[in-house]
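Below is one structure; the comments refer to it alone.
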Amino acid sequence: MFRIRKVADDLIPINQEAIARAQEILRLQFSLLNNKEIEKLPEQIRNPLKFRFQAVLFVADKMSGGVQGFALLLHAPDLKFCYLDYISIDPGASGRGYGSALYARVREEARLLDSIGLFFECLPDDPALSRDPVIRKQNTQRLRFYEKYGAYPIIGTAYETPLTPNDDNPPYLVFDPLDKNRGLRRDEARSIVRAILERKYGKVCPKGYIEKVVNSFQDDPVRLRSPKYKRKDPSINVSMKIKTLDRIALVVNDRHEIHHVRERGYVESPVRIRSLLREINKTVLFENIPPQHCSEHYITDVHDTRMFNYFKKVCSNLPEGKSVYPYVFPIRNAARPPRELLVRAGYYCIDSFTPLNQNAFLAARRAVDCAITATKKLLEGHHFCYALVRPPGHHAEVRAFGGFCYFNSTAISANYLSSLGKVAVLDVDYHHGNGTQDIFYGRDDVLTISLHGHPNMTYPYFSGFEEERGTSRGEGYNVNVPLPENISGERYINHLSATVKRIRKFAPRFLVVALGLDTAKGDPTGTWTLIPDDFEAMGRVIGGLGFPTLIVQEGGYDTGAIGRNARRFFTGLFSGWE
């Protein structure tokens, strides 16, 4: 078993290892390749402006044995084309389907990028251009392989003119139209060929050579060689398309339904998760991952141990079906918590509408399992992971729960990731994430940013003001963007776009998004009017940041619209990354 995995950055250890392995395969398979070309691979991925191509690395990752092959795709968004720079398999792993899977994934990516087509070079099968019969046989096998996908050499041009006269094996330029029923126009081809020669070969190709090759494209549309080996099989991609897509790892709290408070006005209900799943499962973006049990230390690394133990004990002692709400809040003598457990609830709670019951601890504990499972999938190479949990968590502070939140899954995951590098937490819930702010307020390794309804008129009322910027080492690393009671989707996206500039400047290794869908029009807990188009735009802005991203579900209570808004958010997230 193996998977095709997209490596869009060199931030996490598993990606660093994949890049190093790709470089090793390059050295094995291209012994004459200049070492500088091999060493620049991480920078190609990290710095597209320098190379004028956005580089995307795909690896064929054997579950038990690491990277067996790779493909390096270069995307030129200004000219809307993709160029396959390398596709190579470890010499000991050839003939096992890695090449086919990689090429199918590259084609899928090029389609997702709405490219004119996919271009690449392939050595010739013409005896006049390839004199060595052994090498020519290898060239023939490659061209036969690509023909199966409808990719053919461009003919009638000077592209295969060798730089040095009498050089052997000057490459064809091959064009794969990606199953689109359109020809390649002459002017398009000229611009693309110029970009390939200047951006990739500018240091070795003289200007006169480039002009000669570009001007040799005279046919309109450009002509492709007729099939020479095997006709294209139109069904070849059907089985690969969904299997190789870089899906979002989805971890759902499989025990959330036990936390069902059947009381009027309690909107944090199980139907929220069902509504979300019904809509997002209409896409092919998600890979379901079962949650794994995690150690309690992930929680107590963030939350006060006394609060954790109290919450666990009081819930286990409550009778089934009974919910208890805090009603006494001992703020005058916080050093002496009440002796009676039920009265002590207010010692650890910030409001009077977050109940304690037999299943609250179990459901919240499982939500943390889901968030940590999703976080570990991020570290295994998934670019996006989604912890679909309830109860939510971003109102839970170091030593207090509230706002339907008991354990802060968002902060717990961010804290875990922070041991591997800087983390940015972006909270887009309608309500301020007071818990996340409280947990990281004195730290400079975790940047916390929240866009929310102004606390003058929105829960939790006591936090989320602009002047709350952090303390000690954390000063300047807490950013609140309180927004007015009424705001259009367009204005919201403008604020979000301005805010994420702070994240880019911080340059985190990971991004954690507290996804609240209660910013939607008609949500019973909010006043804003965001519609599905706005959620897609929101996702696109966040996905465009390019960081490995964990999304943790927070609020959102209009069960008629929550699923559709989530689906559009993730569609935007994925397209923004692409």
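The values are calculated or read from the model by the stated rules, or taken from the named source; none is laboratory data. Note that the structure is predicted; figures quoted are calculated from it, not measured. Glycine gets a Cβ as well: all are built from the backbone with ideal geometry, and neighbour counts include every protein chain shown.
List of remarks:
- Taken over region 446-467, the criterion of being touching a Phe, Trp or Tyr at 6+ places or on another chain (Cβ under 8 Å) and closer than 21 Å to residue 512 by Cα is satisfied by 446, 447, 448, 451, 452, 453.
- From 385, 405, residue being farther than 22 Å from residue 543 by Cα and outside the structural domain of residue 8 (by TED's automatic domain parsing): 405
- Pair list, Cβ under 7 Å, 6 or more apart: region 109-128 residue under 15 Å from residue 168 (Cα atoms), other residue small (Gly, Ala, Ser): 123/130; 124/130
- Residue identified as on the phi > 0 side of the Ramachandran plot and buried (at least 18 other Cβ atoms within 10 Å of the Cβ) among 556, 489: 556
Matching residues to (1) at pLDDT 95 or above; (2) of a type in the set (D, E, K, R):
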residue	(1), (2)
502	yes, yes
509	no, yes
512	yes, no
515	yes, no
526	no, no
534	yes, yes
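- Only one of the numbered conditions (1) buried (at least 24 other Cβ atoms within 10 Å of the Cβ); (2) over 20 Å from the mean Cα position of the chain (by Cα) is not met by residue 442, and that is (1).
- Only a single item in (1) touching a strand residue (DSSP E or B) at 6+ places or on another chain (Cβ under 9 Å); (2) in contact (Cβ under 8 Å) with a residue 24 or more places away in the chain is not met by residue 13, and it is number (1).
- Condition met for residue 71 (among the hydrophobic types (A, V, I, L, M, F, W, C), in contact (Cβ under 8 Å) with a residue 60 or more places away in the chain and within 24 Å of residue 193 (Cα to Cα)): no
- Apart from one condition, residue 461 fits all of (1) in contact (Cβ under 8 Å) with a residue 12 or more places away in the chain; (2) closer than 22 Å to residue 352 by Cα; (3) surrounded by 13 or more Cβ atoms within 10 Å (Cβ to Cβ); the exception is (1).
- Residue tally, condition among the β-branched types (Val, Ile, Thr) and surrounded by 14 or more Cβ atoms within 10 Å (Cβ to Cβ), over region 303-325: 2
- The residues of region 116-139 that are in a helix (DSSP H, G or I) and either surrounded by 18 or more Cβ atoms within 10 Å (Cβ to Cβ) or acidic (Asp, Glu) (or both), listed by number, are 136, 139.
- When the criteria are applied in full, residue 469 fails the requirement of being touching a residue at least 24 places away in the same chain (Cβ under 8 Å) and in the same structural domain as residue 511 (by TED's automatic domain parsing).
- When the residues of region 70-115 are filtered to those that are hydroxyl-bearing (Ser, Thr, Tyr) and more than 27 Å from residue 572 (Cα to Cα), the one that is surrounded by the most Cβ atoms within 10 Å (Cβ to Cβ) is 98.
- Unique residue being assigned by TED's automatic domain parsing to the domain that holds residue 150 and either part of a loop (DSSP other than H, G, I, E, B) or over 38 Å from the mean Cα position of the chain (by Cα) (or both) when the list is 182, 199: 182
- Residue match in region 108-120 (condition: at pLDDT 90 or above, over 32 Å from the mean Cα position of the chain (by Cα) and of a type in the set (Val, Ile, Thr)): no
- Inspection of region 372-390 finds a residue satisfying the criterion of being of a type in the set (Phe, Trp, Tyr) and either under 18 Å from the mean Cα position of the chain (by Cα) or surrounded by fewer than 24 Cβ atoms within 10 Å (Cβ to Cβ) (or both).
- Elements of type strands (runs of 3 or more DSSP E) contained in region 410-485, each with 2 or more residues being under 24 Å from residue 548 (Cβ atoms) and of a type in the set (Ser, Thr, Tyr): 446-453
- Among the residues of this structure, residue 477 does not count as one that is among the hydroxyl-bearing types (Ser, Thr, Tyr), more than 18 Å from residue 508 (Cα to Cα) and in contact with a Gly (Cβ under 8 Å, 6 or more places away or on another chain).
- Condition broken by residue 144, with the remaining ones in (1) surrounded by fewer than 19 Cβ atoms within 10 Å (Cβ to Cβ); (2) out of contact with any helix residue (DSSP H, G or I) (no Cβ under 7 Å at 6 or more places or on another chain); (3) part of a loop (DSSP other than H, G, I, E, B) satisfied: (3)
- Residue match in region 43-59 (condition: in contact (Cβ under 8 Å) with a residue 24 or more places away in the chain, outside the structural domain of residue 571 (by TED's automatic domain parsing) and farther than 23 Å from residue 547 by Cβ): no
- Flag: residue 364 matches the condition of being under 29 Å from residue 285 (Cβ atoms), buried (at least 23 other Cβ atoms within 10 Å of the Cβ) and of a type in the set (A, V, I, L, M).
- Residue 106 being touching a Cys at 6+ places or on another chain (Cβ under 6 Å), of a type in the set (Val, Ile, Thr) and either assigned by TED's automatic domain parsing to the domain that holds residue 66 or touching a residue at least 40 places away in the same chain (Cβ under 8 Å) (or both): no
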